[in-house]
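Okay, so here's the structure we're looking at.
Since every read-out is calculated from the coordinates, none of them should be taken as a lab result. This structure is a prediction, so every number in the text was calculated from the model and none was measured. As a convention, Cβ positions derive from the backbone with ideal geometry for all residues, glycine included, and neighbour counts pool all protein chains shown.
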Amino acid sequence: MSRRPGNTTRITDSLDAQGIDTTEVRSAHGQPRPSGLEIARMPSAAERTRTLVQSTCSAVLLVPGLDALRPDQLMPDARTVDGEGDLLLAFAADSPVVRAATRAQADELAAVLEITDVAPVSVPHRIRGRAWVSGWLTRVPGAAEPGRTTLRLEVGEAYVDDLWGAESVEADEFTAAVPDPLSEHEAELLQHLHAAHSTEVQTLRSLLGERTGGGAAAVPVGVDRFGLRVRFTGVNCFDARFDFPEPVRDVGELRRAMHALFEAANS
């Protein structure tokens, strides 16, 4: 599998008195990342990978010998994860990927699903992360509607390089993980926060003291069950992570957690 380590470089190292992580590490692609993650509540690498796999993020299936194909020819029409933790990928029945898997038959055809996660709001460094799931590709007869073929990617290992950092994931860890409970609604939640509650999000800078400077814009760039990530896009672009009092399980609990954050910022 082709791995893409983060090659992080420390920029600053500071944790504010209220426990809000505002430290920065930059990935090789310029993404701001908090440091001090050993004390942060965060999704595991397996959970983050599983969330991306089961999201609507764009993905391509990389198969040896098919390098010359256009990216759209390598994009599955749908993808799910079965009870064994394997990926089920739907393609047009006459696609080159299906033909390659059919020719392989009982042989092990290595493949890598590459997923790209793009922030649903306009923000610098908009690609939030990538994940690679590598394994062995086989055809699943009779498991798709007419004109479609389902392929099974038996997971061997995975790797995620995102806003949290770069980590590898074992197959059993991926199988046991579950997607973040907010992932299905994250895009609309962030868009709503940015469009309808930008003033309230801006007030969160009061929790950071002098860290943001007067002219920094605040854009909500990620949310999960543990907290909200805001990107401050002034002269020095950086992320701040605002933990919720308790992990949330659904959108209703998220609303209450957000109200608590805004109240703290205005107190």
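Between the amide H of D86 and any residue lying 5 or more places away or on another chain, no distance stays under 5 Å, with hydrogens modeled in the peptide plane. Here's how it looks for L62: its modeled amide H is under 5 Å from those of V112, L113, E114, which are all 5 or more places away or on a different chain.
Peptide packing: for 85-94, 159-168, the average count of neighbouring Cβ atoms within 10 Å per residue gives the ranking 159-168, 85-94, highest mean first. Distance between the pseudo-spin-label points of A68 and R256 (7 Å out from Cα toward the beta carbon): 6.0 nm.
Whole-Hz Karplus values for region 139-144 come out as 8, 10, x, x, 10, 9 Hz, taken residue by residue from phi with 6.51 cos²θ - 1.76 cosθ + 1.60 and θ = phi - 60°; glycine and proline positions read x.
For region 246-254, the Karplus equation 6.51 cos²θ - 1.76 cosθ + 1.60, evaluated at θ = phi - 60°, returns couplings of 9, x, 9, 10, 7, 5, x, 5, 4 Hz by residue, with Gly and Pro reported as x. Summarised in one figure, the compactness ratio Rg/Rh of region 148-267, Cα atoms and Kirkwood Rh, is 1.06. Annotation: for a label point projected 7 angstrom from Cα along Cα→Cβ of A195, residues of region 223-246 with backbone N closer than 18 Å are 223. Here the dipole of region 46-176 is about 540 debye; that uses its Cα centre as origin and unit charges on the Cβ of Lys and Arg (positive) and Asp and Glu (negative). To the nearest Å, what is the center-to-center distance of region 142-179 and region 231-245, using C-alpha atoms only? Centre-to-centre distance over Cα atoms comes out at 30 Å. The amide H of A144, built 1.01 Å from its N in the peptide plane, has T150 as neighbours under 5 Å, considering only residues 5 or more places off or on other chains. Taking the Cα centre of region 46-176 as the origin and placing charges on Cβ (Lys, Arg +1; Asp, Glu -1), which of A93, V155, A176 is farthest toward the positive end of the dipole? Value: A93. Working from label points 7 Å from Cα in the Cα-to-Cβ sense, the E188 to T203 distance is 2.6 nm.
Can you sort M258, M75 so the residue with the fewest Cβ neighbours within 10 Å comes first? Before the final figure, lay out each step's value.
On the way: M258 21, M75 16.
Listed from fewest to most nearby Cβ atoms, that is M75, M258.
By the count of other C-beta atoms within 10 Å, a proxy for reagent exposure, H194, H185 are ordered fewest to most as H185, H194. With θ taken as phi - 60° and the Karplus curve 6.51 cos²θ - 1.76 cosθ + 1.60 applied, the whole-hertz 3J(HN,Hα) list for region 177-193 is 6, 10, x, 4, x, 9, 4, 5, 10, 4, 4, 5, 5, 5, 5, 5, 4 Hz, x standing for glycine and proline.
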